[in-house]
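Visitor: If you scroll down you'll find the structure; I have some questions about it.
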Amino acid sequence: MILTGAAIAAAHAAGEITIEPFDPMRLSPNAYDWRLGETLHACDGALDAARPTVVTEIPLGASGFVLRPGVLYLGDTYEKTRSERYAQLLNGNRTIGSLGIWVHVSAPLGHQGHAIRWTLEIRAARPVRVYPRMTFGKLTFLHTLGAAASYQQHGLKYATSHGVETSRLYEELPGGRP
Amino acid sequence: MILTGPEIALAAGDGRLRISPFDQAQVNPNSYNVRLGSTLLVYAEDILDAHRPNPTRHVEISREGHVLEPGQLYLGHTVERVGSDTFVPLLFGRSSVGRLGLFVEITAPIGDIGFHGQWTLMLSPIRPLRVYAGMKIGQIMFFVAVGPITPYAGKYQSADGPQASAYWRDLVPAPRAAS
């Protein structure tokens with residue numbers, strides 16, 4: 001079951017969902033409309049799952065920045081979100097999708113208990129100019145079945161991200177050996 | 001409703017879902033991490049035809065890994081056999097893999113109740129990316145279903161290794177032209 005906008009507002013008021021900053025105007029019928037952050041990291045080289053990623057940092061100014069096809073950009077959400085009670089799914093909205101922008105690379109799930117500004121994995125189908133703090137997508141909240149486990153107790157990698165974080169998969173693959 | 005990690009572990013124990021092999025260390029708060037198998041399938045011809053079997057070639061990922069190239073589609077598979085006769089499974093990438101620019105599915109995250117087998121991964125990278133057999137690549141989550149269940153009996157049942165598209169198997173043979 002997916003929370004409605006009113007249910008998200010009630011859960012926020014009850015302290016079961018944290019969204020910082022929270023703006024009630026950003027509640028939509030069954031989501032919270034999140035914004036793009038203020039920094040992108042671009043990667044136009046070759047990558048290796050067993051090595052750290054080399055990126056170039058791009059501060060987003062008021063005039064925006066043109067995303068290019070074929071380049072991997074890591075960005076972040078302007079909002080930091082957390083819920084110990086609900087699981088979260090982050091996606092783009094239809095406006096962003098209609099501009100040919102992916103906001104994640106087949107990884108929409110936010111586990112119960114993470115407390116993060118989400119790292120976005122951005123790809124563009126066509127050259128497209130984007131701007132800091134523009135509305136970028138929808139965050140939905142899901143009811144769960146079963147005893148809760150928290151990301152905070154799992155010792156997982158991105159439990160408290162404060163901004164764009166590159167992949168730390170290499171920590172699991174020393175010398176390319178799982 | 002999405003299952004919590006503790007509920008996934010319970011359900012794997014009592015048979016409401018099956019994950020083989022199962023390792024508690026791969027349980028997340030709302031998902032289970034699955035690993036990349038060692039075999040990739042690559043379509044051998046430039047243009048695919050939805051109505052015909054498309055020739056493929058096998059690639060075995062070596063100990064040094066294998067570089068996936070942008071613009072190419074690789075069909076991979078999970079090491080684990082995963083399925084449920086009760087819950088709806090969804091497979092997505094892990095965020096660690098997404099951050100490397102690798103799609104692990106292409107607009108088809110939702111599995112069928114009653115499918116049991118290795119999942120085919122649709123691997124397509126944004127940048128060249130070296131991957132390794134056995135790396136934890138995706139996450140399967142489970143959703144509660146509402147309504148009577150008719151379990152999956154489709155063409156990919158009990159899949160072993162990556163499966164190329166078998167759309168052609170569903171085609172009704174075209175009527176022969178009258179002579």
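Visitor: What do you reckon, is B:GLY98 at negative phi and touching an Asp or Glu at 6+ places or on another chain (Cβ under 8 Å)? Break it down into steps so the answer makes sense when it comes.
Guide: Working: at negative phi: yes; touching an Asp or Glu at 6+ places or on another chain (Cβ under 8 Å): yes.
Answer is yes for this residue.
Visitor: Would the range B:22-45 turn up any residue that is more than 14 Å from chain A (Cβ to nearest Cβ), more than 23 Å from B:PHE115 (Cα to Cα) and over 20 Å from the mean Cα position of the chain (by Cα)?
Guide: Yes: the range B:22-45 contains one or more residues that are more than 14 Å from chain A (Cβ to nearest Cβ), more than 23 Å from B:PHE115 (Cα to Cα) and over 20 Å from the mean Cα position of the chain (by Cα).
Visitor: Out of all the residues in the range B:128-174, which are among the basic types (Lys, Arg) and in contact with an Asp or Glu (Cβ under 7 Å, 6 or more places away or on another chain)?
Guide: Of the residues in the range B:128-174, the ones among the basic types (Lys, Arg) are B:130, B:136, B:155, B:169.
Answer for the range B:128-174, where residues must be among the basic types (Lys, Arg) and in contact with an Asp or Glu (Cβ under 7 Å, 6 or more places away or on another chain): B:ARG130, B:LYS136.
Visitor: So which strands (runs of 3 or more DSSP E) stay within the range A:1-97 end to end and still have 2 or more residues that are within 14 Å of chain B (Cβ to nearest Cβ)?
Guide: A:39-43, A:72-82, A:87-92
Visitor: Pick out, from the range A:104-169, the strands (runs of 3 or more DSSP E) lying fully within it that include 2 or more residues that are in contact (Cβ under 8 Å) with a residue 12 or more places away in the chain and touching a Ser or Thr at 6+ places or on another chain (Cβ under 8 Å). Before you say what the answer is, go through the steps one by one.
Guide: Details: elements: A:115-124, A:128-130, A:135-142.
Hits in the range A:104-169: A:115-124, A:135-142.
Visitor: Turning to a different aspect of this structure: Residues that are under 28 Å from A:LEU90 (Cβ atoms), among the polar types (S, T, N, Q) and in contact (Cβ under 8 Å) with a residue 12 or more places away in the chain: does the range B:98-107 have at least one?
Guide: no
Visitor: Would you mind telling me which numbered condition in (1) without any contact (Cβ under 8 Å) to a residue 40 or more places away in the chain; (2) away from chain A (no Cβ under 14 Å) B:THR4 fails?
Guide: (2)
Visitor: Select from the range B:124-141 the residues that are facing chain A (nearest Cβ under 10 Å) and within 14 Å of the chain's Cα centre (by Cα) and list them in ascending order.
Guide: Initially, the range B:124-141 is screened for residues facing chain A (nearest Cβ under 10 Å), giving B:124-139, B:141.
Selection gives B:SER124, B:LYS136, B:ILE137, B:GLY138, B:GLN139, B:MET141.
FYI, it's all coordinate maths here, none of it is from the lab. A quick note: this is a predicted structure, and the numbers were derived from the prediction, not measured. Neighbour counts are summed over all protein chains in view; Cβ atoms, including those assigned to glycine, are modelled from backbone coordinates with ideal geometry.
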